[in-house]
1. In the set B:Tyr50, B:Tyr93, which member is surrounded by 14 or more Cβ atoms within 10 Å (Cβ to Cβ), modelled with pLDDT under 90 and in contact with a Gly (Cβ under 8 Å, 6 or more places away or on another chain)?
2. Those residues that are assigned to a helix (DSSP H, G or I) and at the interface with chain B (Cβ under 10 Å from one of its Cβ atoms), I need them from the range A:20-39; list them, please.
3. Looking at the range B:66-88, can you tell me whether even one residue there is within 12 Å of another protein chain (Cβ to nearest Cβ), loosely packed, with under 14 Cβ neighbours inside 10 Å, closer than 30 Å to A:Leu108 by Cα and among the charged types (D, E, K, R)?
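The values are calculated or read from the model by the stated rules, or taken from the named source; none is laboratory data. Here the structure is a predicted model, which means the values were calculated and not measured. Glycine gets a Cβ as well: all are built from the backbone with ideal geometry, and neighbour counts include every protein chain shown.
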Amino acid sequence: MKWVLVAVMVLATVAGDLLQSHEMKRAGEQSVSARGFARLLHVIAQRRLLILGVACNAVSFFSFMALVQTEPLSFAVPASSASFVLETLLAKFVLHERLGARRAAGALAVLAGVVLVGG
Amino acid sequence: MKNLNTRSGALLKTYSVLVFFLALKAAGNSAMAWGMKQVPERMSINPALYLHAMLNPFVAMGVAALILALLTRMALLSLADLSFVLPVTAVGYVIAVFLGKVFLHEAVSRQRWLGTLLIFAGAVLVGSTSRNTTTTTPLAEDPK
């Protein structure tokens with residue numbers, strides 16, 4: 001059961017973030033003032049893929065909550081970092097972001113750090 | 001005219017949105033963790049249990065802060081690449097370790113400090129790369 005939860009959590013996180021990154025770049029730069037949030041809600045209401053992305057977030061959030069109720073955080077946190085690897089690769093190959101040596105090295109250091117903190 | 005924004009101004013905006021996101025996330029998670037400890041039922045697939053948990057005021061405050069954090073993260077994704085946002089927001093783990101140490105007096109092992117240091121160094125490294133490397137033209141412009 002725990003691996004089913006991990007799989008659901010990781011896949012939902014990856015799908016949600018890819019959808020949100022793609023859609024938010026298309027929507028243009030947003031701000032976080034009161035007006036900015038109102039405008040952002042308007043943007044979300046108009047974009048189905050963005051709503052789907054948020055729904056994926058919800059699935060991921062509830063699977064994580066269910067996971068930490070039965071498994072220790074030292075399992076749940078490193079397990080959830082699998083999405084970090086998948087997403088960074090997909091950001092390069094699907095979203096066509098340029099990783100570069102510095103960003104790739106930084107991402108690897110962060111990944112190692114997350115596993116150490118969780119483990 | 002948005003296109004006349006200086007590069008450093010846009011960078012400052014990205015980092016302020018990042019800091020705002022990290023603050024909301026830390027506040028939301030702390031309230032949530034505190035509240036969930038007071039909720040007796042074990043969570044399952046049953047959505048009624050989650051709704052019931054939200055009757056706890058700390059859980060409710062936590063959920064509200066986390067919803068704002070989600071919106072703030074979406075704003076951040078409009079400003080920067082996903083491969084930029086993921087590592088720099090991992091600084092949240094560093095904040096969680098410090099909050100646990102300072103407020104909950106949790107023992108932090110050498111391994112956790114090392115992990116924290118690696119996350120911070122990695123985030124700084126990624127933070128120094130250019131934040132947006134895709135050439136997507138925004139469809140909607142900021143009305144300012």
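1. B:Tyr93
2. Within the range A:20-39, the first condition is being assigned to a helix (DSSP H, G or I), and the residues that meet it are A:20-27, A:34-39.
If the condition is that a residue be assigned to a helix (DSSP H, G or I) and at the interface with chain B (Cβ under 10 Å from one of its Cβ atoms), then A:Gln20, A:Ser21, A:His22, A:Glu23, A:Met24, A:Lys25, A:Arg26, A:Ala27, A:Arg35, A:Gly36, A:Phe37, A:Arg39 are the ones that fit.
3. Initially, the range B:66-88 is screened for residues within 12 Å of another protein chain (Cβ to nearest Cβ), giving B:66-88.
If we keep only those that are loosely packed, with under 14 Cβ neighbours inside 10 Å too, we end up with B:67.
Narrowing the set further to residues that are closer than 30 Å to A:Leu108 by Cα leaves B:67.
Among the residues that remain, those that are also among the charged types (D, E, K, R) are: none.
Scanning the range B:66-88 turns up no residue that is within 12 Å of another protein chain (Cβ to nearest Cβ), loosely packed, with under 14 Cβ neighbours inside 10 Å, closer than 30 Å to A:Leu108 by Cα and among the charged types (D, E, K, R).
Condition check ((1) of a type in the set (Lys, Arg); (2) crowded, with 17+ Cβ neighbours inside 10 Å; (3) facing chain B (nearest Cβ under 9 Å)) across all residues:
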residue	(1), (2), (3)
A:Phe64	no, yes, no
A:Thr70	no, no, yes
A:Leu73	no, no, no
A:Lys92	yes, yes, yes
A:Arg98	yes, no, yes
A:Val110	no, yes, yes
